[in-house]
Amino acid sequence: MVSHNPVADHQEWLYANCLSQSQALMLGKTREEAEAELRAKGLAEAEVQRLAPHKVIPGNRPSNTLVTESISPGRLGALIALYEHKVFVQGVIWGINSFDQWGVELGKELGKGVYGRLTSYDSPPAEDASTQGLIDFFRGRHRG
């Protein structure tokens, strides 16, 4: 993949966060996992119980990941606008909050592991074949 602005490890972080959002949709997070995570951060039990429902993310959600060698700013903007509109309309139809920030948080957490896999060939494979295939694609194009 070709970056129009190759700065430090920004490309790796962008790609890691892209893959981790797909992974978050697939894996999700249970109430038990959310509570354990909050307790591990040292939060009081009342705060754990207050926040945990917001951090529960249903898994097994299908998604698409589009990859390309390069893209122009105009085409990227059009693609983003298309997807934002699609997500908004689906949310209205299904009666859900399409821009739930708690779901984004799970992707950020998973992004750290995906980044490690993107930048180190010694790391264990991803938890799923889909993410590993996209990591391999990135490695082949970005470093190859």
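Taken together, the values in this text are just the output of simple stated rules run on the coordinates, not laboratory data. These numbers were taken from a predicted model, which means no experiment stands behind them. Here the Cβ positions follow ideal geometry from the backbone for every residue, glycine too, while neighbour counts run over all protein chains shown.
Here the Gaussian network model covers the chain, with springs between Cα atoms less than 10 Å apart; of ARG50, ARG117, ARG31, ARG50 fluctuates the most. Database remark: amide H of LYS29 closer than 5 angstrom to the amide H of ILE57, GLY59 (H placed geometrically; neighbours at sequence offset of 5 or more, or on other chains; Pro and chain starts carry no H).
Along segment 81-88 the Karplus relation, 6.51 cos²θ - 1.76 cosθ + 1.60 evaluated at θ = phi - 60°, assigns HN-Hα couplings of 4, 4, 5, 4, 5, 4, 5, 4 Hz to successive residues, with x for each Gly and Pro. With Cα atoms defining each centre, segment 21-65 and segment 74-99 are spaced 23 Å apart in the structure.
Rounded to the nearest 500 deg cm²/dmol, what is the calculated helix-only ellipticity per residue at 222 nm for the chain, with -39500 (n - 2.57) per DSSP H run of length n ≥ 4? Walk me through the numbers on the way to the answer.
On the way: 6 runs with 94 residues, N = 144.
Computed mean residue ellipticity for the chain: -21500 deg cm²/dmol.
How would segment 78-144 be classified by its alpha-carbon gyration tensor: rounded, prolate or oblate, with rounded meaning a/c under 1.5 and the a/b versus b/c comparison settling the rest? It is prolate, given that a/c is not under 1.5 and a/b is the larger ratio.
What Kirkwood hydrodynamic radius, in Å, does segment 1-107 give when the mean of 1/r is taken over all pairs of distinct Cα atoms and then inverted? Computed over segment 1-107, the radius equals 16.2 Å.
Per residue, what volume in Å³ does the Cα convex hull of segment 58-112 take up? Walk me through the numbers before you get to the answer.
Working: hull volume 6.4 nm³, N = 55.
Considering the Cα atoms of segment 58-112, their hull volume per residue is 117 Å³.
Hey, what did segment 1-138 get for relative contact order, percent, Cα under 8 Å, at least 6 apart?
Details: 122 pairs, mean separation 54.1, N = 138.
Answer for segment 1-138 is 39 percent.
Under the rule that an exposed site lies in a DSSP loop and has at most 16 other Cβ atoms within 10 Å, name the longest stretch of the chain with no GluC sites (Glu not before Pro) of that kind, not counting the sites themselves.
Numbers: sites that count: GLU69, GLU127.
Segment 1-68 is the longest.
Taking each residue as 0.36 nm, the span from GLN132 to ILE80 lengthens on full extension beyond its C-alpha to C-alpha distance by 16.3 nm.
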